[in-house]
Amino acid sequence: MKILKFKDKQKFKYSKKIIIKDLLLLISVGIHKFEKLKRQRVKFNLEITTDPNLKPDIKTILNYENVINNIKKLTEKKHFELLESLSEAIFDEMFKSKKIKKVKLKIEKLDIIKETNSVGIEIVKTKL
């Protein structure tokens, strides 16, 4: 009689996300003349999927404070005519990190149309 030993190897599939919710900044964005003269309130929401295979420690995690500071630096530097061009600048900056696999970004202008709470865009970009 042959005894079989089964290895108890559990396998998991999961993802890791960093969430930044309701980041509110005063930035210069828009195509209208008045938007170029005065900064406006803009809200950012991000879900950043990172490499799930990295062991969690201080050297491998994605620091959400750095992400926020990078967005602040981008929006302080220049005027963006379109939210779409602002989003691409944010994606370009974020995907410099090899840890980041996917970004879901929502950007909303809060004060541009008085009949609404906000207007904006939502884009998901994945590194292939």
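The values are calculated or read from the model by the stated rules, or taken from the named source; none is laboratory data. Please read all numbers here as calculations on a predicted model, not as lab measurements. Neighbour counts run over all protein chains shown; Cβ positions are idealised from the backbone, glycine included.
Pairing residues of the range 98-112 that are assigned to a loop (DSSP other than H, G, I, E, B) with residues that are of a type in the set (Asp, Glu), at Cβ distances under 9 Å and at least 6 apart in sequence or on separate chains, gives LYS98/ASP51; LYS99/ASP51; ILE112/GLU35. Residues that are farther than 15 Å from ILE18 by Cα, part of a strand (DSSP E or B) and in contact (Cβ under 8 Å) with a residue 12 or more places away in the chain are absent from the range 82-90 altogether. Note on the range 82-99: residues that are farther than 14 Å from ASP51 by Cα, of a type outside the set (A, V, I, L, M, F, W, C) and touching a strand residue (DSSP E or B) at 6+ places or on another chain (Cβ under 7 Å) total 2. Taken over the range 29-66, the residue count meeting the criterion of being under 17 Å from GLU81 (Cα atoms) and more than 19 Å from the chain's Cα centre (by Cα) is 11. One residue alone among ILE58, ILE18, ILE31 is without any contact (Cβ under 8 Å) to a residue 24 or more places away in the chain, of a type outside the set (D, E, K, R) and not in a helix (DSSP H, G or I), and that residue is ILE58. Apart from one condition, ILE71 fits all of (1) within 12 Å of the chain's Cα centre (by Cα); (2) at pLDDT below 95; (3) farther than 30 Å from LYS13 by Cα; the exception is (2). Is it true that some residue in the range 30-50 is surrounded by 10 or more Cβ atoms within 10 Å (Cβ to Cβ), modelled with pLDDT under 85 and out of contact with any Asp or Glu (no Cβ under 9 Å at 6 or more places or on another chain)? No - not one qualifying residue is present in the range 30-50. Scanning the range 61-81 for residues that are in contact with a strand residue (DSSP E or B) (Cβ under 7 Å, 6 or more places away or on another chain) and assigned to a helix (DSSP H, G or I) turns up TYR64, VAL67, ILE68, ILE71, LYS72, THR75. Scanning the range 100-128 for residues that are surrounded by fewer than 17 Cβ atoms within 10 Å (Cβ to Cβ) and either more than 25 Å from ASP51 (Cα to Cα) or under 14 Å from the mean Cα position of the chain (by Cα) (or both) yields a total of 18.
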